[in-house]
């Protein structure tokens, strides 16, 4: 088919394909989830601080009690507990983590450095 | 086909090109609309989660005798201070249902260590979005460790 046209424009097939590919790329960009991630970290940090505060109130730093409290508060997370820099447990650590640390005096006024590393 | 002096002839190639352009534009707009809708849903969920986390935080850190859901921490009269994460369970047990803006608290539960959770406040959960938050506390009366659970939903 031959058309003589003095005015107007033509969009080439290559240009159309490029435009199509461009919009496909745009639609493949995932929605931003940074806000939700921030809330998750905040919640885990709050729970970690709850543990530290309760331990500061109770002054019971026996390994058994600390680990049972940990399992009670974080039943689904891998949490590594360190007492005076010595790890009391281990678990399969994957992905990102948050840490919470506190220095607490026990009943004998010995300083206990407690650190929690919560993986999520 | 030919172009006449009186008008233009819409050629088949131009027609197909126009059709493809319109389809691409429609797909782009739909993708954009879906992304914006997803963002607004994400925002709603975000604000609900944020408010529920704040409510639970206030419950374990503040004291509010008139509205226990806004604060049930123990007030030490000797030190004249509210002790965070030390919950006055008698105050918590007197909690009444409350709305905080567009978020309503539907359930408060208390789970003592090595025991089953007990429901303190309960309303039928609505069909909309709900968020559950749990905080670790000590009960002032019995010195037991416990988890306070808060479930809040959109109005």
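Each residue in the stretch B:57-73 was checked for being at the interface with chain A (Cβ under 10 Å from one of its Cβ atoms) and out of contact with any helix residue (DSSP H, G or I) (no Cβ under 8 Å at 6 or more places or on another chain), and 1 of them qualify.
Residues in the stretch A:52-90 that are buried (at least 16 other Cβ atoms within 10 Å of the Cβ) and closer than 13 Å to residue A:112 by Cβ: 7 in all.
Of all the listed residues (B:111, B:115), the sole one being without any contact (Cβ under 8 Å) to a residue 24 or more places away in the chain and either assigned to a loop (DSSP other than H, G, I, E, B) or within 14 Å of another protein chain (Cβ to nearest Cβ) (or both) is B:115. Going by what's in this entry, would residue B:135 be described as assigned to a loop (DSSP other than H, G, I, E, B) and within 29 Å of residue A:66 (Cβ to Cβ)? Taking the combined requirement at face value, the residue does not satisfy it. Look at (1) touching a strand residue (DSSP E or B) at 6+ places or on another chain (Cβ under 6 Å); (2) farther than 19 Å from residue A:47 by Cβ; (3) surrounded by 13 or more Cβ atoms within 10 Å (Cβ to Cβ) and you find that residue B:123 fails only one, number (3).
Here are A:19, A:51, A:42, A:25: which of them is part of a helix (DSSP H, G or I) and at pLDDT below 75? Don't jump to the end; show me each part of the working.
Details: A:19 fails: at pLDDT below 75; A:51 fails: at pLDDT below 75; A:42 fails: at pLDDT below 75.
Every option except A:25 fails the conditions.
Listed conditions (1) in contact with a helix residue (DSSP H, G or I) (Cβ under 8 Å, 6 or more places away or on another chain); (2) at pLDDT below 90; (3) surrounded by fewer than 16 Cβ atoms within 10 Å (Cβ to Cβ) are all met by residue A:34, apart from (1).
I'd like the full set of residues that are modelled with pLDDT of 70 or more and within 8 Å of chain A (Cβ to nearest Cβ), limited to the stretch B:2-31.
Hits for the stretch B:2-31 are B:11, B:12, B:13, B:14, B:17, B:20, B:21, B:24, B:27, B:28, B:31.
The values are calculated or read from the model by the stated rules, or taken from the named source; none is laboratory data. Predicted model, so just to flag it, every value in this text is computed and none were measured. No Cβ is skipped: glycine too gets one built from the backbone with ideal geometry, and neighbour counts run over all protein chains shown.
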